[in-house]
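Structure first, then comments.
Every read-out reported here was derived from the displayed coordinates using simple, explicitly stated rules and does not represent laboratory data. Please read all numbers here as calculations on a predicted model, not as lab measurements. Cβ coordinates were reconstructed from backbone atoms using ideal geometry, including for glycine residues, and neighbour counts include every protein chain displayed.
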Amino acid sequence: MMGYIFGKKKATQVAHSVWSHIVQKGDTVIDATCGNGYDTLAMVKMVADKTHSGHVYVMNVQKVALENASSLLDESLTSDERGLVELFAICHSKMEEVVPKGVPMRLVTFNLGYLPGGDKALMTRSETTLQALEAAKRMLAPGGLISIVVYVGHPGGREEYEAVQAFDSGLPVENWICCKLQMPNRPLAPIFVLVLKR
Ligand SMILES: C[S@@+](CC[C@H](N)C(=O)[O-])C[C@H]1O[C@@H](n2cnc3c(N)ncnc32)[C@H](O)[C@@H]1O
């Protein structure tokens, strides 16, 4: 956290640190925006153990992102760890169609925006992001976390952040804890939103 405040750590690194306090070995989790696979890799390391019961479901609409993520996972994981990951070329709003019904998720992560180094026209959109957040809400285990890193510095980013804010501010306080990390005097800095199910 101090590293983030003093500009030495990125919001995604803070997110990984928070996840590590929530996720346990053997958990089932979703990376709803896999990108180049760095978040996926961190998640596999958190769920993997000798029982091979953990699972990481991964989504992206972009073929190149899934290829990049697959290569990173192939290079970085043991074959047992790699076997815990399933990648799907679908929109995250359809996550309920590929994840087995009735399996509660400990963590669903969203790192919104466009693929780093990729086509900036292919970015997440408010409408499908909201549908995916609603799906994640239905699938989350008690004690589970929806983690959202939102980038407001590109076209459409501010509107998407407002959609995320409308989603989390409407959640009943009896069942949900919502929290965000934002730098008020850096209006274009990424915003980290945490939605925890009690
Ligand atoms: C900021 S990147 C994610 C970075 C990634 N988590 C990592 O560790 O490298 C956002 C990704 O969301 C993907 N994306 C855009 N719209 C999507 C959608 N509707 N469903 C799933 N992924 C989507 C983009 O293709 C892009 O790769």
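Overview of values
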| quantity | calculated |
| --- | --- |
| Vicinal HN-Hα couplings computed from phi for segment 30-45 (Karplus, 6.51 cos²θ - 1.76 cosθ + 1.60; Hz; Gly/Pro x) | 10, 9, 7, 8, 5, x, 7, x, 5, 5, 4, 4, 4, 5, 4, 4 |
| FRET efficiency, Lys63 to Arg158 (Cβ-Cβ, R0 35 Å, nearest 0.05) | 0.80 |
| Above-threshold pairs, the threshold being 31 Å between Cα atoms, out of Lys25/Lys120; Lys9/Lys120; Lys94/Lys120; Lys10/Lys120 | Lys25/Lys120 |
| Unit charges on C-beta of K, R, D, E only; dipole of segment 149-198, Debye | 200 debye |
| Relative contact order (percent, whole number), segment 137-198, Cα cutoff 8 Å, 6+ residue spacing | 47 percent |
| Over segment 1-157, relative contact order from alpha-carbon pairs under 8 Å, at least 6 apart, % | 24 percent |
| Equivalent-ellipsoid semi-axes of the chain, from the Cα gyration tensor, Å, largest first | 24, 19, 17 |
| Ser76/Leu130 FRET efficiency (R0 22 Å; Cβ-Cβ; nearest 0.05) | 0.10 |
